[in-house]
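Participant: Once you've had a glance at the structure underneath, I'll fire off some questions.
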Amino acid sequence: MIERAITIAVAVAVLGGLAAPAARAQDVSTKAVLTFSRPVEIPGQVLPAGTYTFALSDAMSDRHIVQVLSADQSRVVAIVMTIPNYRLAFSGDAVITFTELPAGSGEALRAWRYPGSALGHELVYPRPRAVQLARRANAVVPATAEGIVGADALKTAALVAITPDEQELPVAVAIQTTLRSAGSSLARAAGAGPSERDGVPPPAQGLDLVRIGLFGLAAIAAGLLMLVFGRRYVAPAR
């Protein structure tokens, strides 16, 4: 009975370790409350200074539909589309705006992250504006055709990536939208900054630590199982 109890306990511990990463991945907020001290541009409009809630409305494999809500969350101010970007470096901030824009042109919101997540959610701008932002900020900007509005239209709109020299590339080629350690050489050639292309993104480092922990649990489990079942075949001392 004791040996069986130990075996069950070890199995439960291993299964618990395997389930923990999935539980942590699901336990991430899908709302971000952002406060802007001055007007900030989002696709299709400029938000006055103030507090807004960016709430995930619908998630698909290659894009997210996001509602921008008023401070009290009673009114939908805008509906925008984002794509995941694993190369954005937030440096402790919750938002990233486009830099090196002409003086007096204000700030355009590039991406934000939800609480508890290291993943950047990058806004998709209409193509004409994406061309301007890419050229002026020397960055790759995801884009869609001009005039596409509303959640339904955004769900099916074709996506491209605009480079600083106005090339049009597939999004998956120019922007790291999935978790992988190797950066895209095309993204580098397109003008991605050092902070976006160097090193392994934080989520990958976190997964490495999880794998190390799971290997440790498996080793402990194997050792205990060998100890328990090995005793059955040891001849008693005479």
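Participant: Of all residues being hydrophobic (A, V, I, L, M, F, W, C) and touching a residue at least 40 places away in the same chain (Cβ under 8 Å) in segment 152-171, which is surrounded by the most Cβ atoms within 10 Å (Cβ to Cβ)? Just the residue, please.
Facilitator: Leu154
Participant: Quick one: is Gly199 farther than 24 Å from Met81 by Cα, assigned to a helix (DSSP H, G or I) and either out of contact with any His (no Cβ under 9 Å at 6 or more places or on another chain) or at pLDDT 90 or above (or both)?
Facilitator: Considered against the rule, which asks whether it is farther than 24 Å from Met81 by Cα, assigned to a helix (DSSP H, G or I) and either out of contact with any His (no Cβ under 9 Å at 6 or more places or on another chain) or at pLDDT 90 or above (or both), Gly199 comes out as no.
Participant: Considering each of Val124, Val149 in turn, give the residue that is among the β-branched types (Val, Ile, Thr) and buried (at least 16 other Cβ atoms within 10 Å of the Cβ).
Facilitator: Val124
Participant: While we're here: Taking Gly116 and the conditions (1) assigned to a strand (DSSP E or B); (2) of a type in the set (Gly, Ala, Ser); (3) more than 13 Å from Phe98 (Cβ to Cβ), which numbered condition does it fall short on, given that it satisfies the others?
Facilitator: The failed condition is (1).
Participant: Assuming Arg87 fulfils every condition listed in (1) under 20 Å from Thr53 (Cβ atoms); (2) under 14 Å from the mean Cα position of the chain (by Cα) apart from one, which condition is it?
Facilitator: It fails just one condition, (1).
Participant: Pick from segment 89-116 the residues that are among the aliphatic types (A, V, I, L, M) and more than 20 Å from Arg129 (Cα to Cα): which of them is modelled with the lowest pLDDT? Spell out the reasoning first.
Facilitator: Going through segment 89-116, the residues among the aliphatic types (A, V, I, L, M) turn out to be 89, 94-96, 101, 103, 108-109, 111.
Filter again for more than 20 Å from Arg129 (Cα to Cα), leaving 89, 94.
Working: Ala89: 81, Ala94: 88.
Going through the qualifying residues, I end up with Ala89.
Participant: Then there's this: Kindly indicate which of Ala108, Ala139 is assigned to a loop (DSSP other than H, G, I, E, B) and either crowded, with 18+ Cβ neighbours inside 10 Å or on the phi > 0 side of the Ramachandran plot (or both).
Facilitator: After applying the criteria, what remains is Ala139.
Participant: Right, another one. How many residues are aliphatic (A, V, I, L, M), over 23 Å from Thr35 (Cβ atoms) and not in a loop (DSSP other than H, G, I, E, B) if we restrict to segment 58-71?
Facilitator: 1
Participant: Right, here's the next one. Could we say that Ala55 is surrounded by fewer than 19 Cβ atoms within 10 Å (Cβ to Cβ), among the hydrophobic types (A, V, I, L, M, F, W, C) and in a loop (DSSP other than H, G, I, E, B) here?
Facilitator: So Ala55 fails the test.
Participant: Do we have Thr30 as modelled with pLDDT under 90, surrounded by 13 or more Cβ atoms within 10 Å (Cβ to Cβ) and in contact with a strand residue (DSSP E or B) (Cβ under 6 Å, 6 or more places away or on another chain) here?
Facilitator: Criteria met by Thr30.
Participant: Here's another thing I want to ask about it. Considering only residues of segment 126-167 that are among the basic types (Lys, Arg) and out of contact with any Leu (no Cβ under 6 Å at 6 or more places or on another chain), which is farthest from Glu107 (Cα to Cα)?
Facilitator: Lys155
Participant: Taking segment 146-174 as the search range and keeping residues that are over 20 Å from Leu88 (Cβ atoms), assigned to a loop (DSSP other than H, G, I, E, B) and out of contact with any helix residue (DSSP H, G or I) (no Cβ under 6 Å at 6 or more places or on another chain), which one is modelled with the lowest pLDDT?
Facilitator: Gly147
The values are calculated or read from the model by the stated rules, or taken from the named source; none is laboratory data. All of these numbers come straight from a predicted model, not from anything done at the bench. As a convention, Cβ positions derive from the backbone with ideal geometry for all residues, glycine included, and neighbour counts pool all protein chains shown.
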